[in-house]
Amino acid sequence: MALLDVADVTVRFGGILALNELSFVVEQGQICGLIGPNGAGKTTLFNCISRVYQPTSGSISFAGSDLLAVPAWGTARLGIARTFQNLALFPSLTVAENVMVGAHSSSRQNWLTSALRIRTRREDEEQLARAWGLLQYLGLEQHAFRPCAGLPFGTLKRVEIARALAASPRLLLLDEPASGLTHSEVGELADTIRAIRADFDLSVLLVEHHMQMVMGLSDNVVVLDFGRKIADGAPSAVRDDPAVIEAYLGSG
Ligand code: ATP
(Lines give C-alpha, C1' and ligand atoms only; values in the text may rest on other atoms or scores of the structure.)
Protein backbone atom coordinates (compact mmCIF):
# COMPACT_ATOMS: atom_id res chain seq x y z
CA MET A 1 0.00 0.00 0.00
CA ALA A 2 1.31 3.44 -0.96
CA LEU A 3 1.80 5.93 1.90
CA LEU A 4 0.08 8.71 -0.06
CA ASP A 5 -2.41 7.95 -2.80
CA VAL A 6 -3.74 10.91 -4.80
CA ALA A 7 -6.57 9.76 -7.10
CA ASP A 8 -8.30 11.87 -9.76
CA VAL A 9 -7.99 15.08 -7.76
CA THR A 10 -9.53 18.12 -9.40
CA VAL A 11 -9.50 21.62 -7.90
CA ARG A 12 -11.40 24.49 -9.48
CA PHE A 13 -11.17 28.13 -8.45
CA GLY A 14 -14.06 29.68 -10.35
CA GLY A 15 -13.07 29.30 -13.97
CA ILE A 16 -9.50 28.18 -13.18
CA LEU A 17 -8.75 24.48 -13.24
CA ALA A 18 -5.81 24.42 -10.82
CA LEU A 19 -5.65 20.58 -10.71
CA ASN A 20 -7.15 18.40 -13.40
CA GLU A 21 -7.79 14.75 -12.45
CA LEU A 22 -4.35 14.34 -10.89
CA SER A 23 -3.32 10.85 -9.77
CA PHE A 24 0.00 9.63 -8.37
CA VAL A 25 1.38 7.81 -5.34
CA VAL A 26 4.22 8.31 -2.89
CA GLU A 27 5.57 4.99 -1.64
CA GLN A 28 6.85 4.40 1.88
CA GLY A 29 10.42 5.69 2.19
CA GLN A 30 10.38 7.42 -1.19
CA ILE A 31 11.53 10.93 -2.09
CA CYS A 32 9.05 12.10 -4.71
CA GLY A 33 9.76 15.31 -6.63
CA LEU A 34 6.82 17.39 -7.81
CA ILE A 35 7.77 19.86 -10.51
CA GLY A 36 6.11 22.04 -13.12
CA PRO A 37 6.18 25.60 -14.45
CA ASN A 38 4.74 28.49 -12.43
CA GLY A 39 1.00 28.10 -11.89
CA ALA A 40 1.07 24.35 -12.65
CA GLY A 41 -0.78 23.49 -9.41
CA LYS A 42 1.99 22.32 -7.08
CA THR A 43 1.10 24.53 -4.11
CA THR A 44 -2.58 23.79 -4.65
CA LEU A 45 -1.81 20.09 -4.24
CA PHE A 46 0.17 20.76 -1.03
CA ASN A 47 -2.80 22.75 0.23
CA CYS A 48 -5.11 19.80 -0.48
CA ILE A 49 -2.82 17.34 1.31
CA SER A 50 -2.47 19.63 4.32
CA ARG A 51 -6.25 20.12 4.19
CA VAL A 52 -6.25 23.86 3.55
CA TYR A 53 -8.23 23.28 0.33
CA GLN A 54 -10.98 20.76 -0.26
CA PRO A 55 -10.68 19.28 -3.78
CA THR A 56 -13.65 19.76 -6.07
CA SER A 57 -13.53 16.01 -6.74
CA GLY A 58 -11.24 13.02 -6.29
CA SER A 59 -9.76 11.31 -3.26
CA ILE A 60 -6.53 11.35 -1.24
CA SER A 61 -5.62 8.56 1.15
CA PHE A 62 -2.78 8.53 3.63
CA ALA A 63 -1.56 5.23 5.10
CA GLY A 64 -4.89 3.74 4.10
CA SER A 65 -7.04 6.43 5.75
CA ASP A 66 -9.28 8.88 3.91
CA LEU A 67 -7.30 12.11 4.26
CA LEU A 68 -10.16 14.26 3.01
CA ALA A 69 -12.19 13.27 6.09
CA VAL A 70 -9.48 14.75 8.37
CA PRO A 71 -9.59 18.44 9.37
CA ALA A 72 -6.50 20.60 8.81
CA TRP A 73 -5.58 20.47 12.50
CA GLY A 74 -5.61 16.65 12.43
CA THR A 75 -2.99 16.15 9.69
CA ALA A 76 0.04 16.53 11.98
CA ARG A 77 -1.27 13.89 14.33
CA LEU A 78 -1.85 11.61 11.35
CA GLY A 79 1.83 11.99 10.39
CA ILE A 80 2.02 14.78 7.81
CA ALA A 81 4.27 17.81 8.32
CA ARG A 82 4.98 20.68 5.98
CA THR A 83 7.40 23.51 5.37
CA PHE A 84 6.38 26.68 3.54
CA GLN A 85 7.79 28.50 0.52
CA ASN A 86 7.77 31.80 2.44
CA LEU A 87 8.60 30.41 5.88
CA ALA A 88 5.96 30.21 8.61
CA LEU A 89 7.94 30.75 11.79
CA PHE A 90 7.15 32.98 14.77
CA PRO A 91 9.78 35.74 14.43
CA SER A 92 9.74 36.81 18.08
CA LEU A 93 10.06 33.27 19.44
CA THR A 94 13.45 31.63 19.76
CA VAL A 95 14.61 28.90 17.42
CA ALA A 96 14.05 26.29 20.17
CA GLU A 97 10.56 27.59 20.88
CA ASN A 98 9.62 27.44 17.20
CA VAL A 99 10.78 23.83 17.04
CA MET A 100 8.76 22.99 20.15
CA VAL A 101 5.67 24.42 18.48
CA GLY A 102 6.13 21.66 15.89
CA ALA A 103 6.28 18.98 18.57
CA HIS A 104 3.18 20.41 20.14
CA SER A 105 1.18 20.22 16.89
CA SER A 106 1.33 16.43 16.91
CA SER A 107 0.98 16.03 20.67
CA ARG A 108 -1.65 13.59 21.82
CA GLN A 109 -2.92 16.01 24.44
CA ASN A 110 -6.15 17.71 23.62
CA TRP A 111 -6.17 21.38 22.78
CA LEU A 112 -7.97 22.43 25.96
CA THR A 113 -5.46 20.90 28.35
CA SER A 114 -2.68 22.37 26.23
CA ALA A 115 -4.22 25.81 26.24
CA LEU A 116 -4.67 25.67 29.99
CA ARG A 117 -1.05 24.56 30.27
CA ILE A 118 -2.06 21.43 32.18
CA ARG A 119 0.98 19.49 31.25
CA THR A 120 3.30 17.44 33.31
CA ARG A 121 6.83 18.49 33.80
CA ARG A 122 7.90 15.23 32.24
CA GLU A 123 6.02 15.99 29.00
CA ASP A 124 7.67 19.41 28.83
CA GLU A 125 11.08 17.90 29.41
CA GLU A 126 10.52 15.23 26.76
CA GLN A 127 9.53 17.85 24.19
CA LEU A 128 12.51 20.01 25.04
CA ALA A 129 14.89 17.05 24.78
CA ARG A 130 13.44 16.12 21.42
CA ALA A 131 13.68 19.71 20.15
CA TRP A 132 17.26 19.93 21.34
CA GLY A 133 18.14 16.67 19.57
CA LEU A 134 16.69 18.05 16.33
CA LEU A 135 18.57 21.33 16.69
CA GLN A 136 21.80 19.38 17.09
CA TYR A 137 20.93 17.14 14.16
CA LEU A 138 20.44 20.18 11.91
CA GLY A 139 23.46 22.07 13.26
CA LEU A 140 21.31 24.77 14.84
CA GLU A 141 22.19 24.45 18.51
CA GLN A 142 24.25 27.67 18.55
CA HIS A 143 21.10 29.57 17.52
CA ALA A 144 18.72 27.75 19.90
CA PHE A 145 18.01 30.66 22.24
CA ARG A 146 18.04 33.46 19.65
CA PRO A 147 14.80 34.85 18.25
CA CYS A 148 14.17 33.82 14.64
CA ALA A 149 13.88 37.46 13.57
CA GLY A 150 17.20 38.55 12.16
CA LEU A 151 18.69 35.10 11.56
CA PRO A 152 19.99 34.38 8.03
CA PHE A 153 17.43 32.99 5.59
CA GLY A 154 19.35 29.72 5.09
CA THR A 155 19.33 29.14 8.86
CA LEU A 156 15.59 29.80 9.05
CA LYS A 157 14.98 27.24 6.32
CA ARG A 158 16.70 24.67 8.53
CA VAL A 159 14.62 25.78 11.52
CA GLU A 160 11.48 25.13 9.47
CA ILE A 161 12.69 21.62 8.71
CA ALA A 162 13.49 21.04 12.40
CA ARG A 163 10.02 22.26 13.34
CA ALA A 164 8.41 19.92 10.81
CA LEU A 165 10.48 16.97 12.09
CA ALA A 166 9.48 17.72 15.68
CA ALA A 167 6.00 16.48 14.80
CA SER A 168 7.49 13.01 14.05
CA PRO A 169 6.00 12.88 10.55
CA ARG A 170 5.78 9.89 8.24
CA LEU A 171 5.45 12.24 5.26
CA LEU A 172 7.35 15.50 4.98
CA LEU A 173 6.03 18.05 2.48
CA LEU A 174 8.80 20.44 1.46
CA ASP A 175 7.65 23.53 -0.46
CA GLU A 176 10.57 24.99 -2.43
CA PRO A 177 13.18 24.42 0.29
CA ALA A 178 16.04 25.55 -1.99
CA SER A 179 14.54 28.91 -2.96
CA GLY A 180 16.67 31.81 -1.79
CA LEU A 181 19.62 29.58 -0.85
CA THR A 182 23.18 29.93 -2.14
CA HIS A 183 24.67 27.23 -4.37
CA SER A 184 26.60 25.62 -1.50
CA GLU A 185 23.55 25.81 0.80
CA VAL A 186 21.51 23.92 -1.83
CA GLY A 187 24.12 21.14 -1.86
CA GLU A 188 24.05 20.92 1.95
CA LEU A 189 20.25 20.91 1.94
CA ALA A 190 20.14 18.00 -0.51
CA ASP A 191 22.50 16.02 1.75
CA THR A 192 20.31 16.90 4.75
CA ILE A 193 17.10 15.73 3.06
CA ARG A 194 18.75 12.46 2.05
CA ALA A 195 19.98 11.93 5.62
CA ILE A 196 16.57 12.79 7.10
CA ARG A 197 14.82 10.23 4.92
CA ALA A 198 17.17 7.52 6.19
CA ASP A 199 17.52 8.60 9.82
CA PHE A 200 13.84 9.41 10.46
CA ASP A 201 12.39 6.65 8.27
CA LEU A 202 10.02 8.95 6.44
CA SER A 203 8.87 9.81 2.92
CA VAL A 204 9.31 13.19 1.28
CA LEU A 205 7.18 15.04 -1.26
CA LEU A 206 9.36 17.80 -2.63
CA VAL A 207 8.11 20.80 -4.63
CA GLU A 208 11.13 22.51 -6.08
CA HIS A 209 12.17 24.63 -9.06
CA HIS A 210 15.86 23.77 -8.61
CA MET A 211 16.04 21.02 -11.24
CA GLN A 212 19.49 19.73 -10.39
CA MET A 213 18.42 19.21 -6.79
CA VAL A 214 15.13 17.49 -7.67
CA MET A 215 16.71 15.20 -10.22
CA GLY A 216 19.61 14.29 -7.94
CA LEU A 217 17.45 13.64 -4.90
CA SER A 218 14.19 12.09 -6.07
CA ASP A 219 13.38 8.41 -6.57
CA ASN A 220 10.40 9.44 -8.64
CA VAL A 221 9.39 12.71 -10.28
CA VAL A 222 5.84 13.84 -11.08
CA VAL A 223 5.50 16.70 -13.59
CA LEU A 224 2.48 19.01 -13.68
CA ASP A 225 1.54 21.48 -16.38
CA PHE A 226 -1.65 23.55 -16.18
CA GLY A 227 -2.93 21.24 -13.42
CA ARG A 228 -2.45 18.04 -15.40
CA LYS A 229 0.15 15.33 -14.88
CA ILE A 230 2.31 15.13 -17.99
CA ALA A 231 5.01 12.75 -16.72
CA ASP A 232 5.63 10.43 -13.76
CA GLY A 233 8.75 8.29 -13.44
CA ALA A 234 12.45 8.01 -12.69
CA PRO A 235 14.37 11.32 -12.96
CA SER A 236 16.38 10.11 -15.96
CA ALA A 237 13.23 9.23 -17.92
CA VAL A 238 11.38 12.41 -16.93
CA ARG A 239 14.32 14.62 -17.85
CA ASP A 240 14.29 13.32 -21.44
CA ASP A 241 10.51 13.26 -21.85
CA PRO A 242 9.53 15.45 -24.86
CA ALA A 243 6.31 16.63 -23.12
CA VAL A 244 8.34 17.84 -20.13
CA ILE A 245 10.90 19.62 -22.31
CA GLU A 246 8.06 21.25 -24.25
CA ALA A 247 6.29 22.41 -21.04
CA TYR A 248 9.43 24.04 -19.70
CA LEU A 249 10.50 25.61 -22.99
CA GLY A 250 6.95 26.87 -23.52
CA SER A 251 6.86 28.44 -20.08
CA GLY A 252 10.15 30.31 -20.52
P1 ATP B 1 4.42 28.34 -8.43
O2 ATP B 1 5.49 27.44 -8.95
O3 ATP B 1 4.45 29.69 -9.10
O4 ATP B 1 4.37 28.42 -6.93
P5 ATP B 1 2.25 26.41 -8.49
O6 ATP B 1 2.60 25.28 -9.41
O7 ATP B 1 2.44 26.18 -7.05
O8 ATP B 1 3.01 27.73 -8.97
P9 ATP B 1 -0.46 27.09 -7.79
O10 ATP B 1 -0.05 28.18 -6.84
O11 ATP B 1 -0.94 25.82 -7.21
O12 ATP B 1 0.75 26.78 -8.82
O13 ATP B 1 -1.56 27.70 -8.77
C14 ATP B 1 -2.27 26.92 -9.74
C15 ATP B 1 -3.34 27.80 -10.36
O16 ATP B 1 -4.39 28.00 -9.42
C17 ATP B 1 -2.84 29.18 -10.78
O18 ATP B 1 -3.53 29.55 -11.95
C19 ATP B 1 -3.25 30.04 -9.59
O20 ATP B 1 -3.48 31.39 -10.01
C21 ATP B 1 -4.57 29.37 -9.16
N22 ATP B 1 -4.86 29.52 -7.73
C23 ATP B 1 -4.14 29.00 -6.70
N24 ATP B 1 -4.72 29.29 -5.52
C25 ATP B 1 -5.83 30.02 -5.81
C26 ATP B 1 -6.87 30.63 -5.04
N27 ATP B 1 -6.87 30.52 -3.70
N28 ATP B 1 -7.85 31.29 -5.68
C29 ATP B 1 -7.86 31.39 -7.04
N30 ATP B 1 -6.92 30.84 -7.83
C31 ATP B 1 -5.93 30.17 -7.23
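Summary table below
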read-out: Fraction of antiparallel bridges per DSSP, the chain only, in percent to nearest 5; value: 55 percent
read-out: Cα gyration tensor shape for the range 124-230, rounded if a/c is under 1.5, else prolate or oblate; value: prolate
read-out: Fraction of accessible area attributable to carbon and sulfur, the chain (%, probe 1.4 Å); value: 54 percent
read-out: Formal net charge of residues neighbouring residue 30 (Cβ-Cβ distance under 13 Å; K, R +1; D, E -1); value: -2
read-out: Average accessible surface area per residue within the range 17-57, 1.4 Å rolling probe, Å²; value: 34 Å²
read-out: Rounded Å value of the spacing that divides the Cα centres of the range 136-155 and the range 1-24; value: 36 Å
read-out: Alpha-carbon radius of gyration plus Dmax, which is the widest Cα pair, for the chain in Å; value: 18.3, 59
read-out: Over the range 1-62, relative contact order from alpha-carbon pairs under 8 Å, at least 6 apart, %; value: 46 percent
read-out: The chain: most fluctuating residue of 74, 133, 15 per GNM, C-alpha cutoff 10 Å; value: 15
read-out: Rel. contact order, % - alpha carbon contacts under 8 angstrom, at least six apart, the chain; value: 28 percent
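The values are calculated or read from the model by the stated rules, or taken from the named source; none is laboratory data. What you see is a predicted model, and the numbers here were worked out from it, not measured in a lab. Backbone-built Cβ (ideal geometry, glycine too); neighbour counts: all protein chains shown. The protein model used for the area step is the full one, side chains on, heavy atoms only, and it has no ligands, DNA or RNA in it. Shrake-Rupley method; radii C 1.70, N 1.55, O 1.52, S 1.80 Å.
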